[in-house]
Structures are given as C-alpha cells and as structure tokens.
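The block underneath contains the structure these notes are about, expressed in structure tokens.
The values are calculated or read from the model by the stated rules, or taken from the named source; none is laboratory data. Note that this is a predicted model, so its numbers are computed, not measured. Here Cβ is always computed from backbone atoms with ideal geometry, including for glycine, and neighbour counts include all displayed protein chains.
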Amino acid sequence: MAALNADPLRRGRTLKHDVAEALADELRALGARRVLDIGCGGGMIAGQLVARGFEVTGIDPDAAQIDHARRIAPAARFQAIGIEALPPELGGFDAAIMVNSLHHVPGPAMQPALARALAAAGHLVICEPAAAGSFFRVMQPVEDETAVRAEAVAAIEAVIAARGAELVDLKRWDRETRFDGLEAFVAYLMRADPERERLAQENRASLRRAWRENIELRDGQAVLTQPIICWTLRRAP
C-alpha cells in the first residue's frame, strides 16, 4: 500500500460497481450481517442492503429523513439520533457504514465520530465523494464542498496514521447519476439540504453554465459522474 500522504483517489483500486453493490461485496467479504448505517439519510442505501440480505439499522439526526427512510425501507430499523447518542442496546453490529455522511460532520467532530463508529462495530466502511468529477463541478455554484471533502479525507487518514484503525482496503469507482434536466439536479441536491434551492436561484447563471459545460447527454438524459473513495477500516487492537 502506498504511503498514507498520497492522494487516496489515486491509491484506491478501481471498481466498476455502483455504491450499493460495492458495499454489499465488502460487507460479505467481512462476514458482516448486522450493519449500522450512520448518517443514513432517506434510507436508500439501507433499503438496497436489506434487499441483498443484510439486517440494517440506520441512524440520522434529521427526523424528517428518518420518517422518509421508514417509508421506503420498512424492513430496516431507524432511529433519529447521531452516532454520539447511540444507545448501548443497539450494539452488536458486525460492521458500520458511513456513505456520503462524514463530510457533513463538523470538522473537529469528524475524528471522534470515526472513533465512535469503530467502537460500535469492529469494521467501518466509509464512502466519500471526491472533490472531482462532473457532478462536483456542476454542484460547486450551489455549494462548494472542496474544503469539507478534503477535511473528511484528512480525518480518515489521520485516524489510520495514528493507529486508531487499520486500513483493510481502499478502492474507488465513478458513480453515474442521470437527470432529466437542471431542475431535477437541483431537486436531487435539495434532498440533503433544502437551503440549496435558494443558493441555486442566487447563482443561476453560473449554475446553468456549469451544467452546459459538464453534462454528457445519453439516451435523452444528462449524465454526471462523481468519483467515490471507499475505505474499509478495522478497529485497532
């Protein structure tokens, strides 16, 4: 494995899977069945993992997101809490996952969140979007996440370097998302933060320009690509 100060986007081995299939493969390789989905949002990943045979508990501090998750993934369990409030009775997980959620944690709280996730389950699989790709470039006029995404990568690498966790695997893939048009893209961004609608309107000209310059038209839809980096960590002995 290359030195930890190298760019993880380049260190990771490249896969062709989508997020759910890559996660399922990794969890199977770990022998995991009971999975804690930290920052589960609206429950999409939890539902996809349940459909693949996993027993999933999702947690998220946003009660509205949890209500949505319960509707779309009724076979999973959900609680409107953050990782810092995880009750002991929800323990016994084989693995935890954090999918596109670490960069939403305030910077100083990222490493403590990783430590709590590793304490809740012996293995932790973290998927984070890189500050690269056409999806990222179109999103930038609405919300530029360059700094927070870099902070998330630095937090993960710092935990590994400090031997708070062992790096089991590191991989990457390109996630393709299709949209019927710019409004559908903005609606997608608003699922994570409704405030983005106002930002999209305020930055409409630069957003339209970024959309025109970055989309790939395929079968009548606009395709945007987001590189994803995925770390698999094991709790240090």
Given the criterion under 18 Å from the mean Cα position of the chain (by Cα) and closer than 25 Å to Asp37 by Cα, identify the matching residue among Glu151, Glu166. Glu151
Does Ala184 count as part of a helix (DSSP H, G or I), surrounded by 19 or more Cβ atoms within 10 Å (Cβ to Cβ) and not hydroxyl-bearing (Ser, Thr, Tyr)? no
Within region 52-87, which residues are assigned to a helix (DSSP H, G or I), modelled with pLDDT of 95 or more and touching a strand residue (DSSP E or B) at 6+ places or on another chain (Cβ under 6 Å)? Ile66, Ala69, Arg70
Every residue from region 183-209 that is under 23 Å from the mean Cα position of the chain (by Cα) and in contact (Cβ under 8 Å) with a residue 40 or more places away in the chain: Phe185, Val186, Leu189, Arg191, Ala192, Asp193, Arg196, Leu199, Ala200
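Out of curiosity, is Leu167 touching a strand residue (DSSP E or B) at 6+ places or on another chain (Cβ under 9 Å) and surrounded by 15 or more Cβ atoms within 10 Å (Cβ to Cβ)? Reasoning before the result, please.
Values: touching a strand residue (DSSP E or B) at 6+ places or on another chain (Cβ under 9 Å): yes; surrounded by 15 or more Cβ atoms within 10 Å (Cβ to Cβ): yes.
Judged against the criteria, Leu167 is a match.
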Would you pick out the residues in region 189-229 that are crowded, with 16+ Cβ neighbours inside 10 Å, in contact with a Leu (Cβ under 8 Å, 6 or more places away or on another chain) and in a helix (DSSP H, G or I)? Arg196, Ala200, Leu207, Trp211, Asn214
